[in-house]
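To start, the structure under review is shown below, and the notes come after it.
The values are calculated or read from the model by the stated rules, or taken from the named source; none is laboratory data. These numbers come from a predicted model, not from an experiment. Virtual Cβ from ideal backbone geometry, glycine too; neighbours counted across all protein chains shown. Each accessible area value is taken on the protein alone, full model and side chains, heavy atoms only, with ligands, DNA and RNA left out. Shrake-Rupley method; radii C 1.70, N 1.55, O 1.52, S 1.80 Å.
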Amino acid sequence: MMNGRKSVFYLFIIISFLLLSGCNSSKKRFVSDTLREETVNNLQSVLYGNSRWEKVHAAEFLLNLGYANNVYDIFIEEEKQKGDEYYYRIGIWRVLAQASLNPEEKQQWLDSIAKVFKNPKSPDQIHATESLAKLGVSPYTISAETTDSILNGTHNILWIYTLWGSAYTSVMEMSDVKTKLANVVAQKNEPTKVRRLAAYALRNLKEIGTLNWDLLINAACNEPDSSLAYSYILSSALVNIPKDSILSKRVQNCRVELEKIAGTPGIPGRYEALSALGEIGDNEHLPLLSSLIENHGIKLGNNIDFSVAASNAILRIDRRQKYTLTGIDWGVIALFAIGMLLVGWYYSRKTKNTEDYLLGGRKMKPMAVGLSLFATMISSLSYLSYPGEMIKNGPVFFIGMLIFPLVYYIVGWFLIPKFMEMKVTSAYELLEKKLGLSVRILASFFFLTLRFLWMATIIYMTINIALTTIVDVSPSYTPFISILLMLLTILYTSMGGFKAVVTTDVIQSVVLWGGAFFTIVVVIMHFHSFTSWLPDHYLAHWSPLKWGVDIQERSTVGNAMIMLLVWFICTNGSDQMAVQRYLSTKDVQAARRTFGISLIATFIVKIFLAVVGLAMLAYFIDNPHFLIDGQTLTEQADKLFPKFILVGLPIGISGLVASGILAAAMSSLSSGLNSSSSVINEDIIKRLAPRYVSSDPLKQVKKISVFVGIIAILISLAIGNVQGNMLDIVIKVVNLFVAPLFVLFVMAIFVPFATSKGTVIGGLLSVAMAVSAAFWEFMGVKVLWIMPSALIVGIIAGVVASGVEKVILKIRIHYGN
């Protein structure tokens with residue numbers, strides 16, 4: 001049993017860290033509501049005015065900042081009236097390409113711009129080329145012949161814009177283009193207008209690399225302040241400062257020069273300097289920018305573009321405002337941590353043997369175990385990814401839950417009775433009895449790999465998506481926070497065993513439900529309505545509502561239903577964490593009720609989380625200033641819920657709901673530690689290395705839990721290299737071995753002629769299919785079909801291989817006789 005003084009010491013360290021992290025926290029806002037409203041009104045005044053390119057710039061800023069109301073309608077009318085006007089028509093089409101939510105309509109406006117680009121006789125070909133580059137469209141995708149002709153020609157404005165656009169052809173091309181543009185800026189013999197626009201292109205491309213930045217900053221320091229290129233080179237150099245560079249004196253001098261240009265009327269390049277402040281400016285620049293709106297606004301009828309640029313800068317600075325939890329919030333989190341440790345300490349005094357530690361003495365109540373199973377399956381990954389899925393892709397995935405009755409029938413009447421027939425500690429004992437030790441070891445390997453990836457992803461997502469959004473902490477500290485999170489989980493899990501896991505799961509389930517419910521209540525209060533914030537139509541940016549089945553489509557209702565059916569059957573028919581809970585009940589009926597409770601709770605919470613997603617969508621559409629600068633609402637869909645916890649909830653409540661996210665993570669991690677320790681102890685140590693079996697099995701299992709936690713932490717450090725949004729990462733990485741693992745159980749339970757070799761072949765080919773579909777989209781398989789395709793391939797391969805082996809065996813016996 002863990003030493004009490006050590007536990008108190010570890011607890012003191014954790015709480016001290018949490019409280020110190022929050023001691024300087026604040027929710028103060030530097031851009032007032034009045035200034036924000038005035039700034040938005042300024043841009044909208046230009047939008048409704050009679051100017052040309054100023055109107056285009058105002059519209060683009062409003063779209064990028066989340067104030068898109070009426071932009072599309074206004075420019076549709078502009079296109080009807082002025083769509084044949086040279087030069088300005090390009091701006092109209094560019095705005096409509098960004099404002100159109102329908103992909104087909106967006107392509108229509110891009111095609112209009114592309115048509116002008118391909119026509120060298122068109123007077124606004126240069127404008128078309130610039131617009132394509134701003135929209136991230138490579139000219140090579142339009143006409144390779146025209147593009148090569150321009151790039152092989154004279155270095156002029158058209159050449160620069162074409163070179164800029166060609167960066168979007170490929171990753172390698174992007175790097176090469178940035179280097180070419182930086183060299184153009186550094187070459188004094190290039191025409192000034194070419195160098196100016198090369199710097200302008202680099203400011204828009206960003207992340208140019210240290211070597212290219214050195215060329216830019218040197219060029220900025222050596223460029224005469226009377227040069228027309230000076231402001232552009234200066235702006236590009238400051239916007240592209242490498243993240244890990246130390247701010248030198250020359251950089252500080254450049255910043256002072258930029259501020260001087262932005263604040264001085266009549267200086268060439270002033271608009272560019274104001275645009276740069278929109279990307280790098282801070283609260284210190286607000287007085288200057290505010291004065292431009294007051295003194296050079298629409299009412300005076302001049303300098304409209306400067307006023308537009310200043311408005312954009314203010315609103316982008318507002319988006320970069322940092323918010324974090326208060327000391328009170330951290331205190332709530334710390335109290336929650338104390339409570340979890342006390343639960344572990346309490347049950348550590350009641351745990352007498354290994355069966356108590358791993359199965360709760362087989363006397364756990366169905367309600368408690370069902371809520372525990374629900375808390376395990378609804379991890380922090382679900383808590384964060386489901387609202388994000390609703391925000392970004394709509395309700396298709398959630399409609400797939402209509403398959404739940406079939407899930408309950410298959411699991412409750414076909415799978416659970418099979419496991420309850422035998423009194424086993426590990427689910428994989430069944431595999432050994434049917435197919436031998438080799439299949440059991442393979443299953444244990446699949447399970448442990450799955451669980452390690454699962455726990456590692458939970459740690460990574462909880463820290464890097466949730467906590468880094470809620471807390472202003474440097475990414476360099478995330479490994480240490482990960483260690484603290486796992487340490488706290490290991491402490492109460494290793495102390496109290498399965499009873500502690502189930503009890504804390506129940507507590508954390510209440511926090512999870514309460515957090516989602518209170519979030520919805522706050523949004524209702526924000527809008528002063530129960531329903532006005534709910535969408536009254538199917539949103540244009542959501543995935544189209546399709547009911548059929550298509551392996552080459554990401555989101556259809558049929559795909560979602562099949563994916564959920566396969567996941568629940570595979571998980572409840574093979575995962576030790578689920579099977580362990582059934583084995584902890586007294587009979588089949590109790591186990592079936594356990595699964596039913598879990599399924600009902602899962603359904604309710606998924607609906608809750610879907611509604612939370614709708615609430616977040618409404619809240620951030622109404623408050624776009626809280627969004628991350630430089631990203632659209634859908635691009636940061638997974639981060640909106642944790643961001644709301646920080647900025648939308650009252651002080652103290654933010655800490656409570658943040659505890660809910662940590663609770664969901666710890667609930668799943670604790671179950672993962674417990675079940676993984678069980679498999680390692682029963683299936684690996686006892687069977688493959690019996691000489692390492694300890695005379696104190698309870699102490700040994702606790703040590704294994706610590707070992708599992710350490711491995712999960714190490715793997716979590718590499719999860720950041722996996723690309724994709726949260727739900728895709730969960731399916732591609734966390735669920736990679738779900739179907740292959742179940743293939744082994746299908747062969748053991750339902751295929752009477754299954755052989756050991758055939759089952760192993762089926763399991764390995766299932767893994768191969770899952771990996772190839774997840775990372776290479778083999779045969780065009782999209783994300784929701786990764787598990788179903790892996791299951792189908794594995795079962796077919798296992799059945800065929802077993803059948804062939806049986807036939808060969810019969811032939812040998814026949815001819816041998």
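One table, with the values for the structure above:
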read-out: Residue-normalised accessible area of region 666-817, expressed per residue, 1.4 Å probe, Å²; value: 44
read-out: Isotropically averaged projected area of region 670-791, using the convex hull of Cα atoms (one quarter of hull area), nm²; value: 9.7
read-out: Gap separating the Cα centres of region 68-89 and region 116-160, nearest whole Å; value: 23
read-out: Of all accessible heavy-atom area on region 755-801, the percent that carbon and sulfur account for (1.4 Å); value: 83
read-out: Region 71-173: translational diffusion in µm²/s, Stokes-Einstein, Kirkwood Rh over Cα pairs, 25 °C, 0.890 mPa s; value: 178
read-out: Residue-normalised accessible area of region 509-657, expressed per residue, 1.4 Å probe, Å²; value: 37
read-out: Region 582-648 and region 735-753: distance between their alpha carbon centers, rounded to Å; value: 30
read-out: Residues ILE808 and TYR48, FRET efficiency given R0 of 60 Å [Cβ-Cβ distance, rounded to 0.05]; value: 0.15
read-out: Links that overshoot a 26 Å alpha carbon limit, given the list LYS434/LYS810; LYS699/LYS732; LYS115/LYS206; LYS434/LYS703; value: LYS699/LYS732; LYS115/LYS206; LYS434/LYS703
read-out: Cα-derived Rg to Rh of region 561-682, Kirkwood definition; value: 1.08
read-out: Segments 465-475, 479-489 sorted - mean Cβ within 10 Å per residue, highest first; value: 479-489, 465-475
read-out: Positive dipole terminus of region 539-654, leading residue within THR634, LEU609, LEU545 (C-beta point charges); value: LEU609
read-out: Region 403-466: C-alpha gyration tensor shape, a/c 1.5 cut-off, then a/b vs b/c; value: oblate
read-out: Region 66-126, accessible area per residue, ligands and nucleic acids excluded (1.4 Å, Å²); value: 53
read-out: In Hz, Karplus ³J(HN,Hα) per residue of region 182-188 (6.51, -1.76, 1.60; θ = phi - 60°; x = Gly, Pro); value: 4, 5, 5, 4, 6, 7, 5
read-out: Rg/Rg_ref, region 123-276, where Rg_ref = 2.2 N^0.38 Å and atoms are Cα; value: 1.02
